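These notes are about the structure you will find just below.
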Amino acid sequence: MKGSISQDGSAGIASAKNVEPDDAGARLDRWFKRHFPSLSHGHLEKLLRTGQVRVDGKRAKAGDRLEAGQAIRIPPQLKHDTVTERAVAPRETSLKDADRKFIEGLVIHEDASTFVLNKPSGIASQGGSGIGRHIDGLLEGLQGKKRQRPRLIHRLDRDTSGVLVVARTLSAAASLSESLRRRDARKIYWALTKGVPRPHRGVIKLALAKAGRKGQDERMAAADADEADAKSATTYYAVMGTAADQYAWVALRPVTGRTHQLRAHLAYIGTPIVGDFKYGGRDAKGLGELEDRLHLHARSIDIAHPEGGRLKAVAPLPPHMAHAWKLFGFDAKSEGDPFAEERRR
């Protein structure tokens, strides 16, 4: 094998590492961060710029996505930089037993590439200002013997319950994220509204823009589509059942995924979701035995599976919504798709 001269002038022989299946879909810079943790990003960029790091013999960029089996050229000065145990071995979870049992109890589907969780209302999907405990922070409890920590591929609002898809590998995360980007994911939500939408079936097309002060006062408001900060938003809806024209079980299929889209759209047409005081004010208060909690649930998802075919999952209602469904005689076990006809058009 021919010798080479490294960028700093030292002689040596380059080596190569093949991309393993678990690393498929990772960015090249993230691959180096995992396998050569002492290598700085600036140094890596220099190695890429000078052609000392290559993928399958070709020049590459830090953001390039990797495929299983590809050969990554490792410059001589890096070949003795060993991978730390923390980087390659399954981590010992630091979660408390109660948190581990909690996250395990949310799993409603599991296979080699994915988990599907039934997220409870009242817990955030990810961390942020003032948020301590959240789903993303508990996912290491599902890591098991895999090297890679599971990853969220989408989110639900803190007070929205239901289907949440988690990728078990980088390649699965890349595949699922691409499906979401192409809108090849069919999500159906259930809501209990105060009042009955008229007509019973329809589509709401209403652009939304952020309004109010950042934080608890921030909300999405109706906007003209040509406004600078406005984002188009489309929601199909179908009334599945009613209770004396005071309440309605409404199925919703969002085409777009704007913040608080379903909540803002239903409030705009005069039928806010029960418990949604941010958008419905006093009109969102449920009477009698109904709890003052948001009655919005991500019921099901149908998305392309990373390994082929479709991933389909249905999440049972949370206790406060199951109670409302029983109170009004709605069918909590229904799995029909009220938008099947619209899908064929």
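The values are calculated or read from the model by the stated rules, or taken from the named source; none is laboratory data. Note that the coordinates shown come from a computational prediction; the quantities given were computed from them, not determined experimentally. For neighbour counting, all protein chains shown are included, and Cβ atoms are generated from backbone atoms with ideal geometry for every residue, glycine included. For the accessible areas, the whole protein counts, side chains as well, though only heavy atoms, and no ligand, DNA or RNA atoms are used. Shrake-Rupley method; radii C 1.70, N 1.55, O 1.52, S 1.80 Å.
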Checklist outcome for this item: Over the chain, with neighbouring protein chains present, the accessible area per residue in Å² at probe 1.4 Å is 52 Å²
Item to check | HN-Hα J in Hz across the stretch 270-281 - Karplus 6.51, -1.76, 1.60, θ = phi - 60°, x for Gly and Pro | outcome: x, 10, x, 6, 4, x, 9, 6, 5, 9, x, x
Checklist outcome for this item: Heavy-atom accessible area of GLU218, protein chains in place, probe 1.4 angstrom, given in Å² to nearest 10, is 60 Å²
Item to check | Set of aspartates and glutamates near LYS58 by C-alpha distance (under 20 Å), chain-local residues within fewer than 8 positions excluded | outcome: GLU20, ASP23, ASP29, GLU45, GLU67
Checklist outcome for this item: Convex hull around the C-alpha positions of the stretch 276-345: the volume in Å³ per residue is 147 Å³
Checklist entry - Just the accessible area for LYS33, please: 1.4 Å probe, Å², rounded to the nearest 10? => result 130 Å²
Checklist entry - Which aspartates and glutamates does LYS278 reach when only Cα atoms under 18 Å apart count, and residues fewer than 8 places away in its own chain are ignored? => result ASP157, ASP159, ASP217, GLU218, GLU291, ASP292
Next on the checklist: Give me the count of lysine pairs in the stretch 172-274 whose alpha carbons sit under 22 angstrom apart, restricted to pairs 8 or more positions apart or on different chains.
Outcome noted: 6
Checklist entry - Which cross-chain or sequence-distant (5 or more) residues have an amide H under 5 Å from the amide H of GLY286, H modelled 1.01 Å from N in plane? => result GLY275
Checklist outcome for this item: Neighbours of LEU106 by Cβ distance under 12 Å: Lys/Arg at +1, Asp/Glu at -1, summed charge 0
Checklist entry - Quick one: net charge of LEU44's neighbours, Cβ under 10 Å, K/R +1, D/E -1? => result +1
Next on the checklist: If I build a Gaussian network model for the chain, linking alpha-carbon pairs within less than 10 angstrom, which residue out of ASP23, ASP331, ASP97 has the largest mean-square fluctuation?
Outcome noted: ASP97
Checklist entry - What part of the accessible area of the chain, given as a whole %, is carbon or sulfur when the probe is 1.4 angstrom? => result 47 percent
Checklist entry - Gap in Å between the Cα centre of the stretch 282-345 and the Cα centre of the stretch 164-229? => result 15 Å
Checklist entry - Under a straight-distance cross-link criterion of Cα-Cα below 27 Å, which lysines are reachable from LYS146, leaving out those fewer than 8 residues away in the same chain? => result LYS17, LYS33, LYS79, LYS96, LYS101, LYS119, LYS312
Checklist entry - Rounded to the nearest 500, what is the chain's calculated 222 nm mean residue ellipticity when only DSSP H runs of at least 4 contribute -39500 (n - 2.57) each, over all residues? => result -5500 deg cm²/dmol
